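Inspection log for the structure reproduced underneath, given as C-alpha cells.
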Amino acid sequence: MTEPKEKTPETTDHEWDGITEFRNPVPRIFKLSYILTILISVLMWVLLPSWPGVRDIWPGVLGYSSRTTVLEGVEEAKALRQQASAQAGARPLGSILFADNCAACHGYDLAGQTGFPNLIDAAWLWSGTREEIIATIRYGINTDHPDTRYSEMPAFGRDGMLPRAELEAISDYVASLSGPAPDHESAAAVAFDENCSACHGARGSGIAGSGVPVLDDAHWIYGGGTDAILETLHAGRQGVMPAWESRLNDRQIEELADYLIGAADAQGS
C-alpha cells in the first residue's frame with residue numbers, strides 16, 4: 001500500500017538564517033479582536049469629543065466634557081461649604097478659615113507649637129492690632145511677596161560672629177530674663193547689650209511692632225530653655241509664614257483676623 005505524501009506547507013518565500021516563514025492564516029481570535037477594536041474606536045469617536053473642526057472639536061453625541069465635570073464638582077464643593085457654614089450657627093466663618101488654612105501650623109486650639117507662634121497669648125511680633133494682623137496674613141513673613149514682613153535671627157555661632165563660650169553665657173542670661181532676678185551687671189549682660197539689644201531692646205524688653213520677640217516674658221516660639229536658646233544663637237532662625245493674599249479674598253482675611261482677635265480676647269490675653 002502506498003503511503004500518502006506529506007503535504008508541503010505553503011511559504012511566503014521569505015527566509016532568515018535558514019528559517020522559512022510559512023503562510024499560515026492569522027488566528028481567528030486575533031482577527032475578531034482587531035475588528036472589535038476598530039468598531040469600538042468608531043463608536044467612541046461618535047459618542048465622545050474627538051475630531052477637530054474649524055472652530056471647535058466634535059462634541060460627541062453624549063455631550064460629555066471633562067471641564068464641565070470639574071466645574072460641577074467645584075460648584076458642589078462650594079454648596080457643601082455654604083451648607084456647613086450655615087449649619088455651624090454661632091461658629092464664625094473665621095474659625096472655618098483658620099481650621100482649613102492655619103491650624104496645621106498654629107494648632108486647632110491656636111496655642112501654637114515649636115517654631116509656630118501661639119496666637120492666644122499676649123505676645124505679638126507686630127502688635128495685635130487688627131490692621132497689623134491683617135497685614136501679616138495678607139503679605140506673610142519672609143516670603144517673595146513685595147510687601148512681606150521680614151524677621152530673621154542671625155547665626156552668631158555658625159557664621160563665626162561670637163565664640164561658643166560667649167554664646168553659652170548669653171543663652172544663660174537670656175534664659176534668666178524671664179526669671180525673678182537676672183544679673184544685668186554680668187559680662188553676659190554686657191555681651192547681650194552689644195550684640196542683641198539693637199533688635200530685642202534693652203534687657204530683652206523688646207521693640208514694639210518690630211517683628212522681633214520679647215525675651216523677658218514667658219512666651220517662646222522655639223523654646224526658652226538654655227539648650228534651645230543656645231541653638232537659636234548658634235544657627236539663627238528664619239520663620240516663614242505664607243502670604244495668603246493669593247488664596248483668600250479681602251473679606252476672608254478680615255474674618256480670619258477678627259476670629260484671631262476674638263479668640264485672644266476670650267483667653268484674656
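The values are calculated or read from the model by the stated rules, or taken from the named source; none is laboratory data. These numbers were taken from a predicted model, which means no experiment stands behind them. A quick note on method: Cβ atoms are made from the backbone with ideal geometry, for glycine too, and the neighbour counts reach across all protein chains shown.
Reported count of residues in the range 197-228, each being surrounded by 14 or more Cβ atoms within 10 Å (Cβ to Cβ) and either closer than 17 Å to Trp126 by Cβ or not assigned by TED's automatic domain parsing to the domain that holds Ser171 (or both), is 15. Return yes when Gly209 is under 21 Å from Leu256 (Cβ atoms), small (Gly, Ala, Ser) and not in a helix (DSSP H, G or I) and no when it is not. Judged against the criteria, Gly209 is a match. Within the range 163-206, the set of residues being closer than 21 Å to His234 by Cβ and among the polar types (S, T, N, Q) comprises Ser171, Ser176, Ser178, Ser186, Asn195, Ser197.
Each row is one residue, and each column tells you yes or no for (1) modelled with pLDDT under 80; (2) surrounded by 10 or more Cβ atoms within 10 Å (Cβ to Cβ).
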{"residue": "Pro4", "(1), (2)": "yes, no"}
{"residue": "Thr12", "(1), (2)": "yes, yes"}
{"residue": "Ser50", "(1), (2)": "no, yes"}
{"residue": "Pro59", "(1), (2)": "no, yes"}
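Does His184 fit the bill of being in contact with a Lys or Arg (Cβ under 8 Å, 6 or more places away or on another chain), free of Cβ contacts under 8 Å to residues at least 60 places away in the same chain and farther than 30 Å from Asp100 by Cα? It is true that His184 is in contact with a Lys or Arg (Cβ under 8 Å, 6 or more places away or on another chain), free of Cβ contacts under 8 Å to residues at least 60 places away in the same chain and farther than 30 Å from Asp100 by Cα. If you filter the range 229-246 down to residues that are closer than 20 Å to Cys105 by Cβ and among the β-branched types (Val, Ile, Thr), you find that the one that is surrounded by the most Cβ atoms within 10 Å (Cβ to Cβ) is Thr232.
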